[in-house]
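The values are calculated or read from the model by the stated rules, or taken from the named source; none is laboratory data. Note that the structure is a prediction, hence the values are computed from the model and not measured. Positions of Cβ are generated from backbone atoms using ideal geometry, with glycine treated the same way; all protein chains shown enter the neighbour counts. For accessibility, only protein heavy atoms count, side chains too; no ligands or nucleic acids. Shrake-Rupley method; radii C 1.70, N 1.55, O 1.52, S 1.80 Å.
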Amino acid sequence: MSTGPASIHASAVKVGDHAVLIRGPSGAGKSRLAFDLILAGRAGQIPPAVLVGDDRVHLATRGGEMWVSAAPALAGLIEIRGLGIRACDHVSEAPIGLIVDLMAADAERLPLPHALRWHENGIELPRIPVGKGYEPLPLVVAALTTTESS
């Protein structure tokens, strides 16, 4: 069964086989983190990374997974602060593997386990709440390249 697509204000980058969905208020740095992930993929810090969508994306539930795709009018476009809207390589859709919430009110130095999970429509995904003023890229790279300790 499929639900959606729902349109949300967010960005997404496919890293390896799954997308990182980046949410947050306007001006939080969603486009910046998306481009930083693409650059980290090019540098070999994380698996290859390619844009799914910037600014507005569609979400849909399929086969027990949450999928993200670009809003058609914005496919292949990303905002680079100081340069404007730029065209870049992109993929049409990807299953979401990680959610990053920028300027999250529940961000903590040592977050409780429930804060690191997102649940909706029977789907559970890892989540990173990033506090205001905190650089998100190192957290995302760490989440993609390390495992939890017991």
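I'd like to check one number: the per residue accessible area of the chain, probe 1.4 Å, reported in Å² as a whole number. Don't jump to the answer; show the numbers that get you there.
Working: 8450 Å² over 150 residues.
It amounts to 56 Å² per residue over the chain.
Sorting Arg32, Arg117 on solvent-accessible area from highest to lowest, probe radius 1.4 Å, gives Arg32, Arg117.
With contacts taken as Cα pairs under 8 Å and at least 6 residues apart, the chain reaches a relative contact order of 23 percent.
In order along the stretch 85-91, phi translates into HN-Hα couplings of 7, 10, 8, 8, 4, 7, 10 Hz, rounded to whole numbers, per the Karplus curve 6.51 cos²θ - 1.76 cosθ + 1.60 with θ = phi - 60° and x for Gly and Pro.
Calculated mean residue ellipticity at 222 nm for the chain: -4500 deg cm²/dmol, from DSSP H runs with n ≥ 4 weighted as -39500 (n - 2.57), summed, divided by the residue count and rounded to 500. The protection proxy used here, the mean number of other Cβ atoms lying within 10 Å of each residue, ranks peptides 100-111, 9-20, 42-53 as follows, highest first: 9-20, 42-53, 100-111.
In the list (i) 21, 19, 15; (ii) 36, 19, 15; (iii) 25, 17, 15, the label attached to semi-axes √(5λ) of the Cα gyration tensor in Å as derived from the coordinates here is (i). Site pair Arg117 and Val50 shows an inter-label distance of 3.3 nm when each label is modelled 7 Å from Cα along Cα→Cβ.
How far, in nm, would the chain grow between Arg86 and Ala105 when pulled straight, counting 0.36 nm per residue and subtracting the alpha carbon separation?
Values: separation 19, 0.36 × 19 = 6.84 nm, distance 3.10 nm.
Full extension from Arg86 to Ala105 adds 3.7 nm.
Cβ-Cβ distance of Ala73 and Asp17, R₀ of 35 Å, FRET efficiency by 1/(1 + (r/R0)^6): the value works out to about 0.85.
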